[in-house]
Amino acid sequence: YLLLLKANRPQQWIFEELVNINANEFNFMDKQNPITAVLRASNTMQNFPVEDVLSANVLLDYFRADIIEDFLNMLTPDNCRVTIVGKIFESEADQCEIWSGIKYTVANMEDLYKN
């Protein structure tokens, strides 16, 4: 899927559709719990100007194909963490999480799965 995304330049029409979808979600948002709204706003204030606090995490401002391409170029199998969960892997777990006691293992991704 990443190869497909990288093969095509970012499309402005897709961005514009996301702008419209997000604007509709923002404009017709359900009423929030006041405490939750204040917590979100105070967290957002750490990273955005006051005038953008309510809409910063929802509304998109401008299309920048170069930023999207830079981000896509950083998404490689060597730069990601894949989590696979299932009882079928229980016998391979060789470590134990200290607080929850959940067994797990950490391994490099095999070349077979990188493409």
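The values are calculated or read from the model by the stated rules, or taken from the named source; none is laboratory data. As the structure is a computational prediction, the values presented were derived from the model and not from experiment. Glycine also receives a Cβ, built like all others from the backbone with ideal geometry; neighbour counts cover every protein chain displayed.
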Requested in this report: Might you check whether a residue that is more than 17 Å from the chain's Cα centre (by Cα), farther than 27 Å from Gln11 by Cα and either outside any helix (DSSP H, G or I) or at pLDDT 90 or above (or both) occurs anywhere in the range 75-84?
Outcome: yes
Query raised in the report: Residue check: is Ile102 farther than 21 Å from Leu5 by Cβ and surrounded by fewer than 10 Cβ atoms within 10 Å (Cβ to Cβ)?
Result: no
Requested in this report: Evaluate the range 34-56: report whether one residue or more is out of contact with any helix residue (DSSP H, G or I) (no Cβ under 6 Å at 6 or more places or on another chain), among the aromatic types (Phe, Trp, Tyr) and in contact (Cβ under 8 Å) with a residue 24 or more places away in the chain.
Outcome: no
Query raised in the report: How about the range 1-12: which of its residues are more than 16 Å from Leu59 (Cα to Cα) and either modelled with pLDDT under 85 or in a helix (DSSP H, G or I) (or both)?
Result: Tyr1, Leu2, Leu3, Leu4, Leu5, Lys6, Ala7
Query raised in the report: Can we say Thr44 is of a type in the set (Val, Ile, Thr) and loosely packed, with under 13 Cβ neighbours inside 10 Å?
Result: no
Report summary line: Given (1) without any contact (Cβ under 8 Å) to a residue 24 or more places away in the chain; (2) closer than 30 Å to Tyr104 by Cβ, Leu3 misses just (1)
Query raised in the report: For the range 56-74, how many residues are assigned to a loop (DSSP other than H, G, I, E, B) and at pLDDT 90 or above?
Result: 2
Report task. Check off (1) within 20 Å of Glu25 (Cβ to Cβ); (2) surrounded by 12 or more Cβ atoms within 10 Å (Cβ to Cβ); (3) out of contact with any Ser or Thr (no Cβ under 9 Å at 6 or more places or on another chain) for Tyr62 and give me the number that stays unchecked. Result -> (2)
